[in-house]
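Engineer: My questions all concern the structure below.
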Amino acid sequence: MSTLMRAPRHCGSWFWDLDEAMMPGLNSAISVAMRMVDILKTFDLFCPATLEYNWYVLDFGPTGIGSRLILAEPLDASSLSERVSKSRPAAFPNAEVGILHLTGSGTWSDAEGTLRREARLVDISVNPDPTGLVAELSVHHDIWSWFDFSGRPHPGVYNRNAPRLANALREITSALGVEPDPGEPTYFGHAVGFGISTPDADDDGLGPDLTDHL
């Protein structure tokens, strides 16, 4: 059972607009996704499990059909692209792939240094839109923030986890060659640089209690 509370909306997200850096299309999108996965794996932040996506037809719209592939190691971008293409619904031979969503698990550390595995510690998506690729990484847990969701400082947890995420984001940015844009702020926080915003503390040194929205 999970030991972490997961926010229904992200605490922070980062977008890389790759329209001038990468060719659009499915092959490029999968290549970008695999590059992000490889970097996150070096920090033990992401072990891929599934790839999910919906299908749409140009000038028609969504087909209402989605696909889900189980990802097995080792991952190869070209073979994965072929598997995605072969999963096209027979009723829509002209269907195109929508946003690619990768799910998996990652490792985080508690305040004592005990490593724990958590599903969907990091979320990855890449939009293969023909007008230009956009990659996104988002996080939904409080381990990246100075305060936990109840507003209590947890520097031991923060210091063992936030730097790993920041370093992974820096390496992804270097690999993609494009600086990320922060995602929209939510009730649970927003991205600032390669970290998560820290709200002002009250007179007791506590942050806001966000548990009413969990």
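The values are calculated or read from the model by the stated rules, or taken from the named source; none is laboratory data. Everything numeric in this text was worked out from a predicted model, so none of it was measured. No Cβ is skipped: glycine too gets one built from the backbone with ideal geometry, and neighbour counts run over all protein chains shown. Please note that ligands, DNA and RNA were not included when accessible areas were found on the heavy atoms of the full protein model with its side chains. Shrake-Rupley method; radii C 1.70, N 1.55, O 1.52, S 1.80 Å.
Engineer: Which residues, taken from the stretch 51-79, are under 19 Å from the mean Cα position of the chain (by Cα) and in a helix (DSSP H, G or I)?
Structural biologist: Matches in the stretch 51-79: Ala77 only.
Engineer: If Pro128 passes every condition in (1) more than 21 Å from Ala7 (Cα to Cα); (2) out of contact with any Leu (no Cβ under 9 Å at 6 or more places or on another chain) but one, which one does it miss?
Structural biologist: The failed condition is (2).
Engineer: Restricting attention to the stretch 147-161, which residues are in a loop (DSSP other than H, G, I, E, B), open to solvent by less than 20 Å² (accessible area, probe 1.4 Å) and closer than 14 Å to Ile196 by Cβ? Before you say what the answer is, go through the steps one by one.
Structural biologist: Taking the stretch 147-161 as the starting set, the residues that turn out to be in a loop (DSSP other than H, G, I, E, B) are 148-152, 154.
Next, only the ones that are open to solvent by less than 20 Å² (accessible area, probe 1.4 Å) stay: 149, 151.
Matches in the stretch 147-161: Phe149 only.
Engineer: Take the residues in the stretch 192-214 that are assigned to a loop (DSSP other than H, G, I, E, B) and among the polar types (S, T, N, Q); name whichever of them is nearest to Leu165 (Cα to Cα).
Structural biologist: The extreme case among them is Ser197.
Engineer: If you check every pair at least six apart or on different chains, which have Cβ atoms under 6 Å apart with a residue in the stretch 162-188 that is assigned to a helix (DSSP H, G or I) first and a residue that is of a type in the set (Lys, Arg) second?
Structural biologist: Listed pairs, sorted by first residue: Ala175/Arg35.
Engineer: Continuing with the same structure: How many of the residues in the stretch 1-57 are open to solvent by 10 Å² or more (accessible area, probe 1.4 Å), under 16 Å from Thr103 (Cβ atoms), in contact with an Asp or Glu (Cβ under 9 Å, 6 or more places away or on another chain) and polar (S, T, N, Q)?
Structural biologist: Counting residues in the stretch 1-57 that are open to solvent by 10 Å² or more (accessible area, probe 1.4 Å), under 16 Å from Thr103 (Cβ atoms), in contact with an Asp or Glu (Cβ under 9 Å, 6 or more places away or on another chain) and polar (S, T, N, Q) gives 1.
So that you can scan it fast, the table gives a plain yes or no per residue for (1) polar (S, T, N, Q); (2) closer than 15 Å to Arg120 by Cβ:
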position	(1), (2)
Thr3	yes, yes
Trp14	no, no
Asp19	no, no
Gly25	no, no
Met34	no, no
Leu45	no, yes
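Engineer: Under 6 Å between Cβ atoms, which residue pairs at least 6 apart in sequence (or on different chains) link something in the stretch 31-56 that is of a type outside the set (A, V, I, L, M, F, W, C) with a partner that is part of a helix (DSSP H, G or I) and open to solvent by 20 Å² or more (accessible area, probe 1.4 Å)?
Structural biologist: Ser31/Ala77; Arg35/Ala175
Engineer: Taking Ile99 as meeting all but one of (1) more than 23 Å from Gly12 (Cβ to Cβ); (2) without any contact (Cβ under 8 Å) to a residue 60 or more places away in the chain; (3) of a type in the set (Val, Ile, Thr), write down the number of the exception.
Structural biologist: Every listed condition holds for Ile99 apart from (1).
Engineer: OK, next. Quick one: in the stretch 85-109, of everything that is outside any loop (DSSP other than H, G, I, E, B) and more than 20 Å from the chain's Cα centre (by Cα), which residue is surrounded by the fewest Cβ atoms within 10 Å (Cβ to Cβ)?
Structural biologist: Result: Lys86.
Engineer: While we're looking at this one, here's another question. Please specify each residue of the stretch 57-70 satisfying the condition of being at negative phi and without any contact (Cβ under 8 Å) to a residue 24 or more places away in the chain. Walk me through how you get there before you give the answer.
Structural biologist: Pass one, the stretch 57-70, residues at negative phi: 57-58, 60, 62-63, 65-70.
Passing the criteria: Phe60, Gly66, Ser67, Arg68, Leu69, Ile70.
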